[in-house]
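First the structure, in the form of structure tokens, and then the observations on it.
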Amino acid sequence: MRQVVVSAPGVVKLFGEHAVVYGKPAIAMAINKRLRVAALPRSDGHVKIIARDLKAMGLIINVAGNGEIAIETEYGMAMNAISYVRTAIEVAKKYLREPRGVELDISSDMPVGAGLGTSAAVAVASIKAYASAFGYHLTNDEVASLAHEVEKTVQGAASPMDSTVSALGGIHIITLQDRSRLSMGPLPLVVGYVDRESTTKDLVNNVKELRARYPALIGSIMDAIGEAVLLARNALESNDLATVAELMNINQGLLESLGVSTGRINSLIYAARRAGALGAKLSGAGGGGIVIALAPEAVKEVKIAMEIAGGHSFPVEKDDEGARVD
Ligand code: PMV
């Protein structure tokens with residue numbers, strides 16, 4: 001039996017997080033850091049998951065049967081990561097005439113759970129690897145919508161941003177109903193990250209409560225974020241990086257006013273700007289997590305500055321390729 005390895009890129013949100021929940025557009029980019037799933041068919045109908053980078057290991061028993069699927073896990077913290085893989089298998093197995101067992105070995109060359117879309121990448125790569133291991137080809141468009149289904153099932157609610165961009169690669173402008181790929185040149189960014197202090201679910205909920213208390217005010221902030229996204233789209237497509245950077249700074253100010261930035265995020269952002277970044281903002285839900293800086297002339301300086309300010313940091317580039325069999 002043949003082993004198939006599928007990789008899927010991580011994702012950074014460039015513009016429009018939080019406002020996308022209220023129907024505004026957002027822009028997200030696939031990065032040149034990948035998560036890999038190696039799938040090896042098993043003859044016993046069991047699914048075994050080994051994911052040392054996710055601190056997870058599980059045995060999902062009896063994928064071929066219709067009854068309750070039992071999960072046995074080792075390592076602490078396993079359940080959350082295992083839930084994405086388990087749900088991905090349940091979704092992907094509908095496409096196989098005869099669902100069979102598989103061993104999935106998951107590894108990642110980016111930090112997992114930091115806010116780089118790794119849960120979407122796990123879903124994307126697991127779906128494609130499981131189907132491919134049994135000779136079934138799913139297009140990346142199909143994988144994108146199946147992975148979105150997985151994220152919604154596990155999280156309760158999720159925008160299609162991460163699953164779409166991880167499956168398809170490149171940069172996309174996305175609304176809840178629609179998406180379109182932007183054509184543009186390279187976009188070198190420096191990623192910084194600090195520990196999360198709150199979950200995405202709590203932050204989305206905090207914004208919802210703020211909006212309920214100040215509907216007109218928060219509505220105007222959402223409108224302003226939407227406007228920044230549209231201006232950013234034009235600037236990205238004309239490779240006008242100075243304007244892209246300025247709009248990142250404006251978007252950051254608007255996110256700060258929604259209450260989702262933190263002191264530690266702000267320390268990284270100001271350190272990056274002082275070290276030569278043209279623009280810097282949080283990326284994702286906030287409450288800690290990811291900061292992105294656009295610093296075409298000062299990548300090394302900005303990386304060091306964010307580390308001195310208390311974060312981990314590494315440079316990333318746009319990756320135009322989405323999920324692929326390696
Ligand atoms: O926390 P992350 O990296 O999953 O980003 C969440 C982005 C939000 O816009 C806040 C929520 C969403 O589902 O789009």
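Computed from the coordinates by the stated procedures, all read-outs in this text should not be read as laboratory data. None of the values given here were measured: they were computed from a predicted structure. Please note: Cβ atoms are built from the backbone with ideal geometry, for glycine as well, and neighbour counts cover all protein chains shown.
Placing a pseudo-label 7 Å from each Cα along the Cα-to-Cβ vector at Ala212 and Gln3 gives an inter-label distance of 5.1 nm. Between Phe15 and Ile27, the built amide H atoms are under 5 Å apart, and every one of these is 5 or more places off in sequence or on another chain.
What is the order of Lys201, Lys33, fewest Cβ neighbours within 10 Å to most?
Details: Lys201 13, Lys33 21.
Least crowded to most crowded, the residues run Lys201, Lys33.
The modelled label-to-label distance for the pair Asp53/Ile304, using points 7 Å beyond Cα in the direction of Cβ, is 2.8 nm. Among Lys303, Lys208, the ranking by other beta carbons within 10 Å of each residue's beta carbon, starting with the fewest, stands as Lys208, Lys303. Its Cα centre serving as origin, the chain has a Cβ charge dipole (Lys and Arg +1, Asp and Glu -1) of approximately 200 debye. The label point for Val325 and the one for Ala242, both projected 7 Å from the Cα toward the Cβ, are 4.8 nm apart. A Förster radius of 30 Å combined with the Cβ-Cβ distance from Tyr270 to Gln177 puts the calculated FRET efficiency at roughly 0.25. Membrane-span-like helices of the chain, defined as complete DSSP H segments with a Cα extent of 27 Å or more along the helix axis and a mean Kyte hydropathy of at least 0.0, are identified as 215-237. Placing +1 on each Lys and Arg Cβ and -1 on each Asp and Glu Cβ, with no other charges, gives region 189-316 a dipole about its Cα centre of roughly 260 debye. Taking 20 Å as the cut-off, the amide N atoms of region 221-264 that come nearer than this to a point 7 Å along the Cα-to-beta-carbon line of Asp202 belong to 255-264.
Given the options Ala30, Ser267, Ser166, identify the residue whose Cα lies farthest towards the positive end of the charge dipole of the chain (+1 on Cβ of Lys, Arg; -1 on Cβ of Asp, Glu). Value computed over the given set: Ser166.
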